[in-house]
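The values are calculated or read from the model by the stated rules, or taken from the named source; none is laboratory data. All values derive from a computational prediction rather than experimental measurement. Cβ placement follows ideal geometry from the backbone for every residue including glycine, while neighbour counts extend to all protein chains displayed. Keep in mind that these areas ignore ligands, DNA and RNA; they rest on the heavy atoms of the full protein, side chains included. Shrake-Rupley method; radii C 1.70, N 1.55, O 1.52, S 1.80 Å.
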Amino acid sequence: WKDSLNRFKKNKGAVIGLICILVIAVFAIFAPMFSSYKFDAINTRIASISPGAEHFFGTDTYGRDLFVRVWTGTRYSLFIAVVAIFIDVIVGMTYGLISGYFGGKVDSVMQRIQEIINSIPTLVILTLLLMVMKASLFTIIMALSFTEWIGMSRILRVKEEEFVLASRTLGASNMFIIFKEILPNIYSQMIIMIMMSIPNAIFYEAYLSFVGLGLPIPMASLGTLINDGFNSITIYPYMMVIPVIIFSILMLSFNLFGDGLRDALDPTMKEM
């Protein structure tokens, strides 16, 4: 871990990405808390005011402060992505361990189920689920969790590795092999997969919100803010440009951070 940390520090792009993620997360958590404006407070007397000293990001067509709404929306986007990935890790680990370790007919059936789900485009599954279910924070999290666990389950198929065979030869139990041999040897791959999956979840949430399948009004996410700003882009471009910039920085930062973690935890990837 010390060597991995030293390799990570040498990657300037990854360090900058981590700093940007932390800064955005701090603003998303604390900016709405210390503002005198509420993200859903409507005041038509100050509608469509350009960014200035009083309203840093301006106001929208309903007079809501965009500074508070953008950071509240960022908070929701990050929360949805992190919770969805957490569920993916739990489901993927459980599914992958059962399928990859026990093998045989169990593995065959579980792999066929996984292939069927994986053959359907993610956006199609997400769109269909949200069209059937009522749009809400819980629904979006569950929809994102429905498909993203597949990638997590694949990294757990290590039953034929030498250290697993050695433990089995020495008479180790199934539970011992799973929790003492398999899991400790895939931590780095899991961390990399999680960091790579978070921007995907943020993107899918933003896309669904942009096409009108996101959080219900008056809740906000980066996708809903971009969608709202798109309707007024020719007259008030700042309403769309600001959330797009935050969204772009967030996506780029996670990708830089994920690439840096991959190179630090698995240096052979960089050599290849």
Fill in: FRET efficiency, Leu22 to Tyr207 (Cβ-Cβ, R0 35 Å, nearest 0.05)
0.90
Worksheet item: Could you give me the ³J(HN,Hα) list for region 87-96, computed from phi with Karplus coefficients 6.51, -1.76, 1.60 and θ = phi - 60°, whole Hz, x at Gly and Pro?
Response: 5, 4, 4, 4, 5, x, 5, 4, 5, x
Worksheet entry | Greater than 32 Å apart at Cα, pairs in Lys9/Lys38; Lys38/Lys134; Lys105/Lys180; Lys9/Lys180 | Lys9/Lys38
Response to the item:
Between the modelled labels at Met133 and Phe230 (7 Å from Cα along Cα→Cβ) the distance in nm is 2.3
Discussion item. Counting only other residues whose beta carbon sits under 10 Å from that of Phe39, what net charge do I get with K and R as +1, D and E as -1?
Written reply: +2
Item to complete: With everything on Cα atoms, drop me the angle between helix 187-210 and the longest principal axis of the chain, reported from 0 to 90° to the nearest 10.
Response: 30
Practice prompt. Could you check how much of the accessible area of the chain is carbon and sulfur, as a whole percent, using a 1.4 Å probe?
Written response: 68
Practice prompt. Only Lys, Arg, Asp and Glu count, each charged at its Cβ (+1, +1, -1, -1), so figure out the dipole size of the chain about its Cα centre, rounded to 20 debye.
Written response: 240
Worksheet entry | Solvent exposure ordering (accessible area, 1.4 Å, most first) of Met33, Met142, Met219 | Met33, Met142, Met219
Worksheet item: In whole Å and largest first, what semi-axes does the C-alpha gyration tensor of the chain yield when each eigenvalue is scaled by 5 and square-rooted?
Response: 41, 22, 14
Worksheet entry | Excluding exposed DSSP-loop trypsin sites (Lys or Arg not before Pro) (at most 15 other C-beta within 10 Å), longest clean stretch of the chain | 135-272
Worksheet item: Which is the longest stretch in the chain that no exposed loop site breaks, taking sites as GluC sites (Glu not before Pro) with a DSSP loop state and at most 16 other Cβ atoms within 10 Å?
Response: 162-272
Discussion item. Rounding to the nearest 10 and keeping the result within 0 to 90°, find how far the Cα-based axis of helix 12-34 lies from the longest principal axis of the chain.
Written reply: 50
Worksheet item: Around Ala84, what is the net charge, scoring Lys/Arg as +1 and Asp/Glu as -1 over all other residues with Cβ under 10 Å from its Cβ?
Response: -3
Discussion item. Give me the net charge for the shell around Leu225: Cβ to Cβ below 15 angstrom, other residues only, Lys and Arg +1, Asp and Glu -1.
Written reply: -2
Worksheet item: Heavy-atom accessible area per residue, the chain, 1.4 Å probe: how many Å²?
Response: 53
Worksheet item: To the nearest 10 square angstrom, how much accessible area does Val68 have with a 1.4 angstrom probe?
Response: 0
Worksheet item: Taking a probe of 1.4 angstrom, what is the accessible area of Val15 in Å², to the nearest 10?
Response: 50
Discussion item. Let me cross-check Ile29: its accessible surface, 1.4 Å probe, with only protein heavy atoms counted, in Å² to the nearest 10?
Written reply: 80
